[in-house]
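The values are calculated or read from the model by the stated rules, or taken from the named source; none is laboratory data. Quantities reported herein were computed from a predicted structural model and do not represent experimental measurements. Using ideal geometry, Cβ is built from the backbone for each residue, glycine included, and neighbour counts are taken over all protein chains shown.
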Amino acid sequence: MIIHAHYTHSLISALIISIIAGLIAWRFWGKRGSIVISSVVFSHWLLDLLVHRADMAILPRAFGNFPLLGLGLWKLPIISMGVELALVIIGSILYYRSLVPKAKGNQRKHAIAAGGLMAILLILSLVTSVFGV
């Protein structure tokens, strides 16, 4: 399958989308939340850089004939899956360490449940994308 994401997967577009997400997050969660949301949104492009073959442009629509980017980790599905699984585990640990200890009572139970559910869904998504289930 060939993916054509000439706008959303260019470096400049990813930066713009990250800035917009950060500005929206600033309104609801302040400066720290804004930085976290912007970083998470931009991390999608960085992770795609690892897994995509050389099909990611620097400018939208590959304007300017700059070289296309991508390291092609998709060619090695087991390694790709290992990297993604490690990221899910690390993300889950970071979520737990940053949110759960501060939560009290029912809020703590909801935080644990939300984190566990998200980890399970991400792992299922990973398994279905790699094995085509």
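Couple of notes before you dig in:
- Just so you know, in region 55-95 the residues that are aromatic (Phe, Trp, Tyr) and within 25 Å of LEU124 (Cα to Cα) include one that is nearest to the chain's Cα centre (by Cα), and it is TYR95.
- Pairs are defined by a Cβ separation below 6 Å, a sequence spacing of at least 6 or placement on different chains, a first member in region 104-127 that is at pLDDT below 85, and a second member that is exposed (fewer than 14 other Cβ atoms within 10 Å of the Cβ); the pairs so defined are ALA111/ALA103.
- When region 64-103 is filtered for residues that are over 17 Å from LEU49 (Cα atoms), of a type outside the set (S, T, N, Q) and not in a helix (DSSP H, G or I), the ones remaining, listed by number, are GLY64, ALA103.
- Residue count for region 35-58, restricted to those that are part of a helix (DSSP H, G or I) and more than 13 Å from THR8 (Cβ to Cβ): 12
- Near pairs, Cβ below 6 angstrom, 6+ apart or cross-chain, from region 62-78 (touching a residue at least 40 places away in the same chain (Cβ under 8 Å) and surrounded by 10 or more Cβ atoms within 10 Å (Cβ to Cβ)) to any residue that is among the β-branched types (Val, Ile, Thr) and assigned to a helix (DSSP H, G or I): PRO77/VAL130
- Residue identified as charged (D, E, K, R), closer than 24 Å to ALA114 by Cα, assigned to a helix (DSSP H, G or I) and outside the structural domain of THR128 (by TED's automatic domain parsing) among ARG61, ARG32: ARG32
- In summary, VAL88 fulfils each of the numbered conditions (1) loosely packed, with under 14 Cβ neighbours inside 10 Å; (2) of a type in the set (Val, Ile, Thr); (3) assigned by TED's automatic domain parsing to the domain that holds GLY116 with the single exception of condition (1).
- Residue match in region 43-50 (condition: at pLDDT 85 or above and of a type in the set (S, T, N, Q)): yes
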